Amino acid sequence: MRPVLRTLARLLIGTFGPVFPELEGFDPAQGQAAWSLRNDALTAPGERGDIVVFSFYPPGALAEASWLHPLPLSMKLNTTDADPSAWRASRLKFCGQGFFDSAEALRDAHERGEVRVCAFGRAVGAWNLPRRATPPLPEGRALKEAHGGVAWGPWTFTVSQNPSSGPALLDVRFRGERVLYELAMQDALAAYSGDESSQFFYLDAAYSLSMLGASLSPGVDCPRDAHYLSMADYYVLVKGGTADSDPTRARDFWPICVFEFTEDHSIWRHMGNDIPTDVRGLVRRTVVVRSIATVGNYDYLTDVKLREDGEIEVKTQFAGYIESRYFGPHVNPQERNFSTIVRPDLAGPVHSHLVNWKADIDVAGARANALRLTKVKAGPVPGSTLRGTNAPLVSKYLEYSLVDREGVGTSTFVAHPEHPTNWAVVDRAATSASGNPRGYAIALNSFCTTQVLPGDHPFVKAIPLTQYHLAVTKYHDSEYRSSSVYAQYDGQTEVEREQRLDHFLEDGEQLIDEDLVAWIGVGREHIVRQEDLPVVSNFGAGFSLQPWNFFTQNVAASPLAQ
């Protein structure tokens, strides 16, 4: 980037001041401009490129404040060639003007008086810095669990963490019966709106959903008396913004905590109608596995809660800084189509947060399961009419079916409020006295979006998992995660046997009485608001794995009964 910046030195210093370390006269007392890369997912298949964006680090402010100080300067960098000396900058935009084919073209246009300059916001203060938190306690109080094994009430499981994709629970058992072989986070996507120069996405597993964080802070991230689990970190950010990724210099840190939690409502409750009245219920006690990862401007706060009634709730909250853009009403008025204008010179683009999980459900340890759909429909009751008329009596009814094969539209699902459906992985060979197969259901806990872009959009082709709330495939050792880290930069190029959910689905394999894997996607569209400054109030999305005729009754209401 140094040659490009030197070519534009007169324009850049005249517009933004001496804030570029690469240029002569740099004055750190006035702040610092820095550039970073965004994947250019709109490049043609077979090519690879980056979008170079610039931000401003205000003097005396936290570095994170730069997320709220974008500079109105960007360009594209073609990185297809393996030789960096062959990389070229093109399609430059400056103060909403462009595209310019090269730095020289922008410089020459400026010298001819054809380029207007614009002001940018340097103001700092309470609006872009969060209130200082209470200092955390020293890490020395952290408690370690041998091999990550956890036992609590009816539950036993092992906690692990993948260096790329983050937290996982293995061999999850309720009263000795296996429920899950694996419950593991797969990826977290943030996809941003905009024109050709502004659309990009992050697949954060490509950066690491585990090792970019720090040890959890007792009293802030987790209760002070929680058990803190040690993991190895060999991808460490060092001073100057570079990363040391040498596994031989791995360090211990504590990114996961486990604690018992009494929730603010009961797990069941009822008041008898006798006089005097008799209120009975059970406080909802939960064991919580909490993992927090920070990737750039966003923090991912993930809770897995295991409850006494056999339910497992998974929720990821999104926190941190928005990624913002420069806005000028006469410079880039079209930005209003893509963003909320949160300050007179600052835009917050709408973007999606989508998280994908792998749930290898083994009902009571069985590896021969089926996916059973229970749909709630409405239709006429045979032989019945509305009283006093000849009109048919319409009722809701249940329609049961088994999904026999893999495939898009066959074993993929999107929740729809007008077509309520229960998805359950069941063991047909194990039925209750009532004739119901034992199983575990997958339920969304809140309104969750899926991909709103069309299927032929480069983002969707790179990350097909974003199109579904649920996809179910037959288990294979070779199909171990739903997305590839390489999709971050080369998502339109097909790689044989790459880890991509659409590859798993295209086999059309038999799903009845097989070992099944559920790939679960939840997310939210983040429409930015002014209250997202300086940092957002945490929000998120999640799902639950619920016992579905797995027990003969509510085991929390009658703890000794199975």
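Check whether at least one residue in region 350-372 is part of a strand (DSSP E or B) and among the aromatic types (F, W, Y), and report yes or no. Yes, region 350-372 contains at least one residue that is part of a strand (DSSP E or B) and among the aromatic types (F, W, Y). Restricting attention to region 112-126, does a residue exist that is at positive phi and at pLDDT below 95? Within region 112-126, one or more residues are at positive phi and at pLDDT below 95.
Of the set (1) in contact with a helix residue (DSSP H, G or I) (Cβ under 9 Å, 6 or more places away or on another chain); (2) closer than 20 Å to A205 by Cα, all apply to H476 but (2).
For residues that are in contact with a helix residue (DSSP H, G or I) (Cβ under 8 Å, 6 or more places away or on another chain) and not in a loop (DSSP other than H, G, I, E, B), scanning just region 21-48, find the one that is surrounded by the most Cβ atoms within 10 Å (Cβ to Cβ). By that ranking, first place goes to A33.
So in region 518-561, with the set limited to residues that are aromatic (F, W, Y) and part of a loop (DSSP other than H, G, I, E, B), which one is surrounded by the most Cβ atoms within 10 Å (Cβ to Cβ)? Among those that are aromatic (F, W, Y) and part of a loop (DSSP other than H, G, I, E, B), it is F550. Looking across P58, P18, one residue alone is more than 30 Å from G491 (Cβ to Cβ), in contact with a helix residue (DSSP H, G or I) (Cβ under 9 Å, 6 or more places away or on another chain) and free of Cβ contacts under 8 Å to residues at least 40 places away in the same chain. It is P18.
Of the strands (runs of 3 or more DSSP E) contained entirely in region 139-230, those carrying at least 3 residues that are closer than 22 Å to V355 by Cα fall at 155-162, 166-174, 177-192, 200-203. Of the residues making up region 93-122, those that are outside any loop (DSSP other than H, G, I, E, B) and among the aliphatic types (A, V, I, L, M) are A103, A105, L106, A109. Among the residues of region 61-87, the ones that are touching a residue at least 60 places away in the same chain (Cβ under 8 Å), of a type outside the set (K, R) and assigned to a strand (DSSP E or B) come to 6 in all. The residues in region 399-435 that are over 30 Å from A191 (Cβ atoms), part of a loop (DSSP other than H, G, I, E, B) and at pLDDT below 95 can be counted, and the count is 4.
The values are calculated or read from the model by the stated rules, or taken from the named source; none is laboratory data. Nothing here was measured: the structure is a model prediction, and the numbers come from that model. Methodologically, a virtual Cβ is constructed for each residue, glycine included, from the backbone with ideal geometry; neighbour enumeration extends over all protein chains shown.
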